[in-house]
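All remarks here apply to the structure that follows.
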């Protein structure tokens, strides 16, 4: 009788230890017309489904270590989705309560996940006249902090542990490659990820050119504020982290370009990812003429696409929001 081979895999002590060490995937089908390579860091493989798992745990671990919080305390954060889910998972593990302040752009799948994790959802329904929904969410955070004893704001918008978390993300990405990347495309919102990448590049003396991917209607790289449909990237308020001296260039992408990028990644690579990832795909295509032949590029696959099934991956939603003679929606055809 032939015995099957037994494979011994290492075990982890808890779900928190499973965060990070995500795969790096060569995206060799979605950019076939280009003369350069693109690698995607699969942050969607983190246990709650996004890059924000790293940020959430990095902030909470320090707060626990320094005694800012203890078991039973209440964590409060403003989030459009991914940070909320990363915190929801981590708070359950660390025995912390969680209140997430959201606005109408949060999608139904994320709300269902937050309810499953036991997080309390606090809604703001009207944008701040100057600072939009983000400004209104932050104002509500401060009101809650004043009224809830033993509460703590993780403050993804200003806590230095946000960018610091992504020194590890970059160490993993660059460690998996024989040579440093020539270009790194990073979508921006709080700019924590962007500046964590910038810090790694600077600290290691790399020549990697950092390209920010921002949303049309976001003020981070020069636009006037306007309404946006795709959550998770862009911002209506200035970043506390952003230092443009470390950014080689910026590319603006529209909501529809985010959608098209998502569908292209799905159809060509079989990867179901979120809106900001689609933005990065489109940004690389828009920037392709500026990338020398033979270059290597990196991007981050920030989150899973399941939470966007009712929007980005819904033909009805796309037709409702983008069906005009000026928009080419041929990607909706089953080819």
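Go from 0 up to the bin containing the longest alpha carbon distance in the range 52-153, width 5 Å each, and give me the % of pairs per bin. Here the calculated profile for the range 52-153 is 2, 14, 25, 24, 21, 10, 4, 1.
Starting from the Cα gyration tensor of the range 93-150, take the square roots of the eigenvalues, sort them a ≥ b ≥ c, and report rounded, prolate or oblate (rounded when a/c is under 1.5, otherwise prolate if a/b is larger than b/c, else oblate). Note, shape of the range 93-150 comes out oblate.
Averaged over residues, the count of other Cβ atoms within 10 Å places the peptides 211-222, 305-316 in the sequence 211-222, 305-316, highest first. By definition, a body whose alpha carbon gyration tensor gives a ≥ b ≥ c is rounded when a/c is under 1.5, and the chain falls into this rounded group.
Relative contact order of the range 54-213, please, whole-number percent, based on alpha carbon pairs below 8 angstrom and at least 6 residues apart. For the range 54-213, the relative contact order is 22 percent. Rg of the Cα atoms in the range 232-335, relative to 2.2 N^0.38 Å, amounts to 1.17. Over the chain, what relative contact order in percent results from Cα pairs under 8 Å that are six or more residues apart? Value for the chain: 19 percent. When 130, 77 are arranged by Cβ crowding within 10 Å, least crowded first, meaning fewest neighbours, the order is 130, 77.
Contact order for the range 264-335, expressed relative to its length and based on alpha carbon pairs under 8 Å spaced 6+ residues apart, stands at 33 percent. The Cα atoms of the range 35-74 define a convex hull whose projected area, averaged across directions, is 4.2 nm². Packing, taken as the mean count of other beta carbons within 10 Å per residue, orders the peptides 106-112, 282-288, 187-193 from highest to lowest as 187-193, 282-288, 106-112. The helix-only estimate of mean residue ellipticity at 222 nm for the chain, built from DSSP H runs of length n ≥ 4 each weighted as -39500 (n - 2.57), is -11000 deg cm²/dmol after division by the residue total. Extension gain for residue 176 to residue 42 (0.36 nm times residue separation, less C-alpha to C-alpha distance): 47.0 nm. Counting neighbouring Cβ atoms within 10 Å and putting the fewest first, the residues 120, 52, 97 line up as 120, 97, 52.
Every number here is computed from the coordinates shown, using simple stated rules; none is lab data. Model, not experiment: these values are computed from the prediction. Cβ coordinates were reconstructed from backbone atoms using ideal geometry, including for glycine residues, and neighbour counts include every protein chain displayed.
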